[in-house]
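Chemist: Next up is a structure, given as C-alpha cells.
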Amino acid sequence: MKAAVIVFPGSNCDRDMAVALRAAGADVTMVWHKDAEIGDVDLVAVPGGFSFGDYLRCGAIAAQSPVCRALKQHVDRGGYALGVCNGFQVLTETGLLPGALMRNAGLKFVCRTVPLTVATSDSAFTQGYNAGDTIGLPVAHHDGNYTADDATLDALRDADRIAFTYSDNFNGSRNDIAGVLSANRRVLGMMPHPERAVDAATGSTAGSALFRGLVQQLAHA
C-alpha cells in the first residue's frame, strides 16, 4: 500500500502519521502543500496541527493549497483519504466531508486521552474494531465541536457513516460525533489522534488497529 502524508506550514503530526503508517506496513511519502500533484497512491493522509496558524477558520487556508486540488482529484478517482484533527477540519473545508468543526463548548483547548465508541466496523478504517468497542485515543484541539444541520445528521446516521462517537462528550459535538465517513466510505475525518496511540512505549496501541486494517485492505485492493 502506498500512502502520502500532506505537510502544511504549522502541521505538527505529519511525522507521527508517517511513523504510524510505516509501522503498519505502508510505503509513505511526504507531500508539501505547494505540490500540485500527489502521485499514484492508495491513501492520502491529512495530519493534525495548526495549518497556517489556524488563521481565519481552522483548515480554511490549507483547503486552498494546490495540494488540496490534487487531494480532491484523488478522492474523485476513488482514492482513500484520512484526515485527523486539523486534517478533519481541512476535509470539511474542502467539501470532501459534510459539517464543520466549531469552537469547543467549554471554549478551552483540551489535550488528554478520551474514551470513544466505535460506531461502525463497516469501513476500511474501522474494520479492525468491532462496532460497540470502547477505545481510548488522545485528543488535542480547541475547535473540535462537530456540527451539521439536522438533515445531514439524519443522513449520516441512516447511512451508518458515523465512525466514532465520544463516550463522554467534552466538546459539545452534535450526536457525540468524533468521526464521520464519506458517502462512498473511502474518506474518514476524525478529531482524536490514532497516530499518537500506536506504540506501547508512549502509553497506548489503541490506534494501531485502524492503520493495520487500512493497510491490509488496501494492500489487497
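The values are calculated or read from the model by the stated rules, or taken from the named source; none is laboratory data. Note that the structure is a prediction, hence the values are computed from the model and not measured. Counting neighbours? That spans all protein chains shown, and the Cβs are built from the backbone with ideal geometry, glycine included. Protein only, heavy atoms only, side chains kept; ligands, DNA and RNA dropped before computing areas. Shrake-Rupley method; radii C 1.70, N 1.55, O 1.52, S 1.80 Å.
Chemist: Determine the per residue accessible area of the chain with all protein chains present and a 1.4 angstrom probe, expressed in square angstrom.
Modeler: With all protein chains present, the chain gives 42 Å² per residue.
Chemist: Which of the peptides 140-150, 182-192 is most tightly packed, and how do the rest follow, judged by the mean count of other Cβ atoms within 10 Å per residue?
Modeler: In descending order of packing, they fall as 182-192, 140-150.
Chemist: For LYS34 and ALA219, FRET efficiency with R0 = 30 Å and r from the beta-carbon atoms, rounded to 0.05?
Modeler: 0.50
Chemist: Based on C-alpha coordinates, I'd like the Rg and Dmax of the chain, in Å.
Modeler: 15.5, 44
Chemist: Label point 7 Å out from ASP158 along Cα-to-Cβ: which residues of the range 180-221 have amide N under 18 Å?
Modeler: 181-185
Chemist: Run the simple label-point estimate for ASN169 and ARG57 please: 7 Å along Cα→C-beta, distance reported in nm.
Modeler: 2.1
Chemist: Packing-wise, with mean Cβ within 10 Å as the measure, how do 117-127, 196-206 rank, highest first?
Modeler: Descending mean neighbour count gives 117-127, 196-206.
Chemist: For the modelled label position 7 Å from the Cα of GLN64 along Cα-to-Cβ, which residues of the range 9-40 have backbone nitrogen atoms closer than 17 Å?
Modeler: Answer for the range 9-40: 9-10, 33-35.
Chemist: I've got another one for you. Taking only Cα atoms of the range 100-221, what ratio of Rg to Rh do you get with Rh as the Kirkwood inverse-distance radius?
Modeler: 0.96
Chemist: Nothing charged except the Cβ atoms of Lys and Arg (+1) and of Asp and Glu (-1): what's the magnitude of the dipole of the chain about its Cα centre? Round to the nearest 20 debye.
Modeler: 280
Chemist: Contact order normalised by length for the range 3-129, with contacts defined as Cα pairs under 8 Å and 6 or more residues apart; what percent is it?
Modeler: Across the range 3-129, relative contact order equals 22 percent.
Chemist: How large, in Å, is the range 55-129 by the Kirkwood hydrodynamic radius built from its alpha-carbon pairs?
Modeler: For the range 55-129, inverting the mean 1/r across all distinct Cα pairs yields 14.3 Å.
Chemist: A further question on this structure: Taking 1 over the mean of 1/r across every pair of different Cα atoms in the range 1-117, what Kirkwood radius in Å do you get?
Modeler: This gives a value of 14.5 Å.
Chemist: What number, in percent, do you get for the relative contact order of the chain if the mean sequence gap of Cα pairs under 8 Å and at least 6 apart is divided by its residue count?
Modeler: Worked out over the chain, it gives 20 percent.
Chemist: Order 61-70, 25-34, 2-11 from most to least packed using the mean count of other Cβ atoms within 10 Å.
Modeler: My ranking of the peptides, most packed first, is 2-11, 61-70, 25-34.
Chemist: May I ask you to evaluate 6.51 cos²θ - 1.76 cosθ + 1.60, the Karplus curve with θ = phi - 60°, for each residue of the range 22-38 and list the ³J(HN,Hα) values in order in whole Hz, giving x for glycine and proline?
Modeler: For the range 22-38, the Karplus curve yields 5, 4, 8, x, 7, 8, 10, 10, 9, 10, 6, 5, 8, 5, 8, 10, 9 Hz.
Chemist: Which lysines does LYS2 reach when only Cα atoms under 29 Å apart count, and residues fewer than 8 places away in its own chain are ignored?
Modeler: Cα-Cα hits under 29 Å: LYS34, LYS72.
Chemist: For the range 101-167, which trypsin sites (Lys or Arg not before Pro) pass both filters: DSSP loop (anything but H, G, I, E, B) and at most 13 other C-beta atoms within 10 Å?
Modeler: Those that pass, being in a loop and sparsely packed, are LYS108.
Chemist: Can you send over the carbon and sulfur percentage of the accessible area for the range 116-196, probe radius 1.4 Å, protein chains only?
Modeler: Carbon with sulfur: 39 percent of the solvent-accessible area.
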